[in-house]
Amino acid sequence: MAGIEYKVWEEKQIERGIDVEKVKKSIKEFKVETPSWGYGDSGTRFKVFKQIGMPRNIFEKLDDAAQVHKYTGICPTVAIHIPWDKTDDYEKVKDYAANLNLKIGAVNPNLFQEDEYKFGSVCNSDPKVRKKAVEHMLECVEIARKVDSKILSLWIADGTNYPGQGDFRARKHYLEESLKELYDALDDDMRMLIEYKTFEPAFYHTDIADWGMSYTFATKLGEKAQVLVDIGHHFQGANVEHIVAFLLDEGKIGGFHFNNRKYADDDLIVGSINPYELFLIFNELVSAEIDPSTRNTAKNIAYMIDQSHCIEPKVPAMIQSVLNVQTAYAKALLVDRDELKKAQENNDVMRAESIVRCAFETDVRPLLEKVREEMGLNPDPMKAYLESGYEEKKLERGYGQGW
Ligand code: AFD
Ligand code: MN
Ligand code: MN
């Protein structure tokens with residue numbers, strides 16, 4: 001629980017000129033989507049340490065996701081991944097989710113696990129393989145219609161392992177043709193989010209390797225195509241908050257996959273390695289929410305967790321991830337924008353840096369506990385979940401299905 005009483009905390013913020021009621025309203029409206037694949041077993045390419053109590057089907061994944069929403073109050077949607085969540089009755093999935101106060105969020109095609117995709121899916125030199133991949137993406141549009149999802153979240157794992165293995169430009173043309181087929185199949189109220197990743201599973205080049213490539217494809221396709229920023233998918237030292245600001249200004253950022261990494265694999269709890277980067281990303285998002293020229297884009301961003309924890313208990317790790325995202329957002333709401341603008345215009349470097357850092361260093365636990373109380377939630381979601389007995393109850397499932 002927080003160090004100081006909420007009233008004392010509130011007075012301090014009001015003295016600073018913060019509109020606390022407005023901040024609380026924004027926090028109550030803020031939502032984070034969790035991934036179905038975050039509730040099942042996963043691991044690295046070296047080992048999957050199976051846990052007892054893992055979901056055996058999409059319905060049990062939704063049961064677990066419902067716990068995260070029940071205790072945090074801000075996770076009403078769940079992303080699904082096909083074929084990991086394939087079923088013969090998607091209406092039943094939609095209804096089951098609704099009974100749990102959930103909705104299906106983004107639909108993720110899987111273009112990286114079929115044997116035919118060994119040398120690529122949509123970038124494969126064999127038109128039959130590309131056709132199979134496009135048909136799978138179109139199948140996911142059908143599924144999105146059945147579960148009332150409006151987002152196709154695309155991660156293209158295609159790439160090569162050696163110089164000379166692939167014709168970069170031919171692969172780019174294959175990719176553009178395939179993405180165009182998907183784009184033309186989208187309903188007017190749907191959008192496709194094009195994710196990029198610097199490397200892995202390919203080790204020499206990845207066909208959509210950075211934000212500029214995603215941006216180019218999305219811009220050529222049109223309004224319904226945007227960039228998905230997975231914050232773990234950048235080279236060491238990349239300034240992710242700058243990339244986010246640029247894409248916001250272009251109106252081409254559509255969503256996030258939140259996670260964290262120290263070196264490579266990006267399945268650590270978001271904010272656990274680099275909380276300041278997460279805050280600085282939200283600093284740009286909050287600034288864009290206020291600016292009329294970027295407000296629309298900022299307000300339409302899909303905030304999604306993309307983590308599949310290897311050794312942590314799944315539901316508690318997901319709750320922690322959600323709370324870390326909410327905390328970063330709350331802190332970003334406390335940046336004194338007027339003072340910051342003045343300091344920037346005066347090139348007052350130290351003042352500008354201290355204004356941003358002051359918000360990051362503000363303990364927002366009293367605020368978040370108050371918001372949760374006003375939302376009818378336990379102010380300590382993690383403690384409430386761990387005391388609920390759900391973790392123990394889950395064990396009755398035995399071992400899960402894997403992805
Ligand atoms: C892996 C990929 C990518 C993708 C996710 C779900 O790196 O982030 O979005 O799986 O398919 O993490
Ligand atoms: Mn991702
Ligand atoms: Mn990833």
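Charges at C-beta only: +1 for Lys and Arg, -1 for Asp and Glu. How large is the resulting dipole of segment 31-333 about its Cα centre, in Debye rounded to 20?
The dipole magnitude comes to about 340 debye.
When all protein chains stay in place, what accessible area (Å², nearest 10, 1.4 Å probe) is found for E11?
Using a 1.4 Å probe on the heavy atoms, I get roughly 110 Å².
Which value in nm describes the separation of the simple spin-label points at K94 and A384, placed 7 Å from the Cα toward the beta carbon?
Computed distance between label sites K94 and A384 equals 3.0 nm.
Which order, highest average first, do 147-155, 233-241, 13-21 follow once you tally other Cβ atoms within 10 Å for each residue and take the mean per peptide?
So the peptides 147-155, 233-241, 13-21, ranked by packing, come out 147-155, 233-241, 13-21.
Stretch K50-K103 to full length: gain in nm at 0.36 nm per residue minus the Cα-Cα span?
That pair, K50 and K103, stretches by 16.3 nm at full extension.
Can you check how the C-alpha radius of gyration of segment 216-271 compares to 2.2 N^0.38 Å, as a plain ratio?
1.21
Over 32 Å, how big is the tail of the calculated P(r) for segment 31-333, in percent of all Cα pairs?
22
Can you spot the lysines whose alpha carbon is less than 21 Å from K394's alpha carbon? Ignore those fewer than 8 places along the same chain.
K50, K61, K70, K314, K383
Mind ranking W84, W9 by accessible surface for me, highest first, 1.4 Å probe?
Correct descending sequence by accessible area is W84, W9.
Which three extents, in angstrom, do the Cα atoms of segment 289-403 have along their principal axes, listed largest first?
So the extents along the principal axes, rounded to whole Å, are 62, 30, 26.
Treat each spin label as a single point 7 Å out from the Cα along the C-beta direction, and report the N347 to L138 distance in nm.
In this crude label model, N347 to L138 measures out at 5.8 nm.
Calculate the FRET efficiency for D19 and D249 from the Cβ-Cβ distance with a Förster distance of 35 Å, rounded to the nearest 0.05.
Taking R0 as 35 Å, the efficiency between D19 and D249 is 0.85.
Which one of V244, V325, V23 has the biggest mean-square fluctuation once the chain is modelled by GNM with Cα springs under 10 Å?
In this elastic network of the chain, the residue with the biggest mean-square fluctuation among V244, V325, V23 is V23.
Place +1 on the Cβ of every Lys and Arg and -1 on the Cβ of every Asp and Glu in segment 77-139, take the dipole about the Cα centre, and give the residue among P83, H136, A98 whose Cα lies farthest towards its positive end.
Result: H136, furthest along the dipole toward the positive end.
Putting +1 on Lys and Arg Cβ atoms and -1 on Asp and Glu Cβ atoms, find which of I273, H69, F203 reaches farthest to the positive end of the dipole of the chain.
Towards the positive end, the residue furthest out is F203.
Pulled fully out, how much extra length does the chain show between N296 and R397, if you take 0.36 nm times their separation in residues and subtract their Cα-Cα distance?
Residue separation times 0.36 nm, minus the Cα-Cα distance, leaves 32.0 nm.
Relative contact order, percent, of segment 31-333 when contacts are C-alpha pairs under 8 Å separated by at least 6 residues?
Value for segment 31-333: 18 percent.
Please pull out the direction-averaged projected area of segment 92-206, using the convex hull of its alpha-carbon atoms, in nm² to one decimal place.
For segment 92-206, the mean projected area of the Cα convex hull comes to 7.8 nm².
Tell me the mean residue ellipticity at 222 nm calculated for the chain from its helices only (DSSP H runs of n ≥ 4, each -39500 (n - 2.57), averaged over every residue, nearest 500).
-14000 deg cm²/dmol
For the chain, return all DSSP H helices satisfying: extent of Cα atoms along own axis at least 30 Å; mean Kyte-Doolittle hydropathy at least -1.0.
none
Report, to one decimal in Å, the Kirkwood hydrodynamic radius for segment 146-283 based on all distinct Cα pairs.
Over segment 146-283, the inverse of the mean reciprocal pair distance is 15.8 Å.
The values are calculated or read from the model by the stated rules, or taken from the named source; none is laboratory data. Owing to the predicted nature of the structure, the values given are computational and were not obtained by experimental measurement. Note that we place each Cβ from the backbone using ideal geometry, even for glycine, and neighbour counts take in every protein chain shown. Side chains are part of the model used for accessible areas, which takes the heavy atoms of the whole protein and leaves out ligands, DNA and RNA. Shrake-Rupley method; radii C 1.70, N 1.55, O 1.52, S 1.80 Å.
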